[in-house]
1. Determine which single condition B:ALA124 fails, assuming it passes every other condition in (1) within 30 Å of B:ASN238 (Cβ to Cβ); (2) out of contact with any Asp or Glu (no Cβ under 6 Å at 6 or more places or on another chain); (3) surrounded by 15 or more Cβ atoms within 10 Å (Cβ to Cβ).
2. Whether any residue in the stretch A:314-328 is farther than 30 Å from A:THR190 by Cα, assigned to a loop (DSSP other than H, G, I, E, B) and small (Gly, Ala, Ser) is what I want to check.
3. Here are the criteria: (1) in contact with a Pro (Cβ under 8 Å, 6 or more places away or on another chain); (2) more than 20 Å from A:GLU319 (Cβ to Cβ); (3) of a type in the set (A, V, I, L, M). Tell me which single one A:VAL459 does not satisfy.
4. Surrounded by fewer than 18 Cβ atoms within 10 Å (Cβ to Cβ) and either within 15 Å of the chain's Cα centre (by Cα) or in a loop (DSSP other than H, G, I, E, B) (or both), is that true of B:ILE200?
5. Can you find, within the stretch A:120-147, the residue that is surrounded by the most Cβ atoms within 10 Å (Cβ to Cβ) among those that are over 27 Å from the mean Cα position of the chain (by Cα), more than 12 Å from chain B (Cβ to nearest Cβ) and of a type in the set (A, V, I, L, M, F, W, C)?
6. Exactly one condition in (1) crowded, with 19+ Cβ neighbours inside 10 Å; (2) farther than 29 Å from A:ASN282 by Cβ is false for A:ILE491; which is it?
7. Considering each of A:VAL93, A:VAL117, A:VAL72 in turn, give the residue that is at the interface with another protein chain (Cβ under 9 Å from one of its Cβ atoms), of a type in the set (Val, Ile, Thr) and touching a residue at least 60 places away in the same chain (Cβ under 8 Å).
8. Given A:GLU84, A:GLU13, A:GLU43, which one is assigned to a strand (DSSP E or B) and either farther than 30 Å from A:SER453 by Cβ or more than 13 Å from every other protein chain (Cβ to nearest Cβ) (or both)?
Amino acid sequence: MTKLVDIRNLRVEATTDAGRRIEIIKGVDLDIAKGEIVALIGESGSGKTTIALTLMGHTRPGCRISGGTVLVDGKDMAALPERERAALRGCEVAYVPQSAAAAFNPSQTIMDQVIEVTQIHGSMPRDKARQRAIELFKALSLPSPDTIGGRYPHQVSGGQLQRLAAAMALIGDPKLVIFDEPTTALDVTTQIDVLKAFKSVMKSGGIAGVYVSHDLAVVAQIADRIVVLKGGEVQEEGRTQAILATPAHPYTQELLAAFEPKETQFAAAPAEKARPLLEVENVISGYGVVQSDGLPLVKAVRSVNLSVEKGRNLGIIGESGCGKSTLARSIAGILPASAGNIIFNGHELDYAARRRTHDQLREMQIVFQYADTALNPAKPIEEILGRPLTFYHGLKGQARSARVDALLDMVRLPKSLRHRHPSELSGGQKQRVNFARALAADPRLIICDEITSALDTVVAGAVIELLKELQRELDLSYIFISHDLSVVEAICDEVMVMYRGEKVEHLTREDIASPRHPYSKLLFASVPKLDPTWLDNLVLEPELVRQYGGA
Amino acid sequence: MNADIASMIGKRLGLSALTLLIVSFAVFVATNLLPGDTATILLGQAATPEAVAGLRQAMHLDDPAVFRFLRWLAGAVTGDFGTSYANNMPIATLIAGRFVNTMELAGLTAVIAVPLALTLGITAAVLRGTLYDRIVAVLTIGVISVPEFVVASTAVLLFAVYLKWLPAISFVNEVHSLTDLLRMYAMPVVTLTFVVSAQIIRMTRAAVIETLSMPYVEMALLKGASRSRIVLRHALPNSLGPIVNALALSLSYLIGGVIIIETIFNYPGIAKLMVDAVATRDLPLIQTCALIFCLGYLILITIADIIAILSNPRLR
């Protein structure tokens, strides 16, 4: 096979706000043959997107290519003048962005944007480009391919937009397509369709690809070769099979280990049926104008029951928009429920948090997905952790300071971090602080809303381990909300599956492998496995997909 | 879809009408709070109490304020704005000529200031961080910081007093040729352009920079689009909302806020008429002027809102 891409000793420099220059890509070599799909895998900040973008001669603002060559089909993208690079973008090398929803211009129709490449480069007359786009829509199995182009980006779903973004990349007949985490923002059930569509189009066109991702299981389905990156350097590279079977580098092993089911001791089901810590009965909640029956216009949660035993964990799983976060917010009282009962520790709770007692508030805490937005960026860590200590326990001065140290210690963070601001911490550290703030209240129940979703696999694994340890030490219960089955499986005694605001199935650890409800079956079957043949062999009942599938 | 837009725009227009009503009432109340009695002022200090009482009676000044407001409102709706207290002329005639003058000055300024400011704002955003951007930033901040009367007085001093190129004050009646017209308008228009452009430049620059950082702009770059295509096709349509609002705010200043310029250059516009009316307690005239300013402002803001709605497919 002939080489299409030949990157030698690539270096990229970033200028920090303070004007300091740091090297973020430190001498990377990479080859891609014609028609080959290579995955760049690594945690956030490992430089995978930066490397992929240099293939188009592009660096994000503040960065520049400071050394090395990036040969694409014999032309050095690092050295070409901007005008010549622009002439190659979209024709030779095309890009599929991480969030198609943000990468489509909201004020133009989809068709105009899909065929824009052909207009810029004058490669096709307008009518021909439209026909070609419609062919691509069909190939990517988009619904109503003849008319979807006339819509605006906000009128189609996320999974469809992601495929439309692929059509936008493929229309210029590129030799190389860069996929920048194209399925990260999608639900697993939608992800399957998108992955299948990408794979078949790439294979049938013999197009080479760079697939940037942090998800090894997704990459295993689509890539011929995997390059593992960390800190701007290549750690390991090899055929997909080889990397998965015999990872040589410790970091690769760590990534793979995150997929191993961990043997953990789960608390035995209580012999005697004690009163559950939390009981939720027929809760209805939602958004919009209250109707004449006292219920909101849009019901995000439709009559859900659940209970959490003391010292045990309940997982809530479902696709985005299924009402799992709304349920959590209603239990916590942030979004008052419209009907039903919430009984905590034997006492009925008021729907609204502001009418609950101080102790009721203290005993139930909620931790949000994005630590970045949940932590006040203007306050140092000690202030962030100190506030709930003063609010709930009236701690001041020395006592408060000692407790802040203890909390940092509990979440395995060094005490020296207490004077820092959130912006000076890594993603995993911020999420630990976010969790420590909930611990400051001495709660009995912590509602964790997607707290590992924004973290890299390895970091997320460590946070889950921490949660388990703390549970043993502090006798906590968790409600663990996630769209990621493997995370929920790792920590929960019981799992509840939600679909369109309703609880469709309740599973215990014993029957988690064999769900009965058709939606649970589809959801569980859609979680990618490390096995590279998984996607090709996957047969989902068409009836199930039609009824519950995404898009 | 179209019915939705129509109802949205209809609602917007209804709100404008309501605002106008509230403002006219507020203006009525405020003018009634002005110290001094119209009849006394009109008749002078030496007037006998009987004469004052008679005049008050004739002018309905003794009626309750609400009646006077309603009477005035009923007249205004039918186009009769009443009669000036000070010189007994119909308000409409009094204002008509002045209104044309004001619109001429405002229109001329807008024609020059808007394209200039938009060009400077957009180019500064595209060339962000360059020397050009910094020069534009320093100049706009400088213009914002210097009060307009300083700009105007300096211009008069320089061009009229020392260089003697331009007339210091504007006499609309003495305009006989295009050169005269240009000479008369040069200084007021340039001064107003200074004042109005600075805000537009800054707002436009900010709005365009905001959209230039959007992922779809990077996407356009990665499609191979040229810089002008990126700005004109992808960034500008999405920053239109904030830009037209900034334009509307700045231009509304040209209708009512130009009193200083009109005074310095002795330009016979509405703002000057209103200030003179305050001096003579000419309530109907004050009210009508205030109403015109409010109407101008509302029209501009409503147009801006409608453009913003039409330019956004999510609202459309």
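The values are calculated or read from the model by the stated rules, or taken from the named source; none is laboratory data. Here the structure is a predicted model, which is why all the values come from computation and not from measurement. Cβ: placed from backbone, ideal geometry, glycine included. Neighbour counts: every protein chain shown.
1. So the condition that B:ALA124 fails would be (2).
2. No, the stretch A:314-328 contains no residue that is farther than 30 Å from A:THR190 by Cα, assigned to a loop (DSSP other than H, G, I, E, B) and small (Gly, Ala, Ser).
3. Every listed condition holds for A:VAL459 apart from (1).
4. So B:ILE200 does not fit the description; no.
5. Only one residue fits best here, namely A:ALA133.
6. (2)
7. Answer to the selection: A:VAL93.
8. A:GLU13
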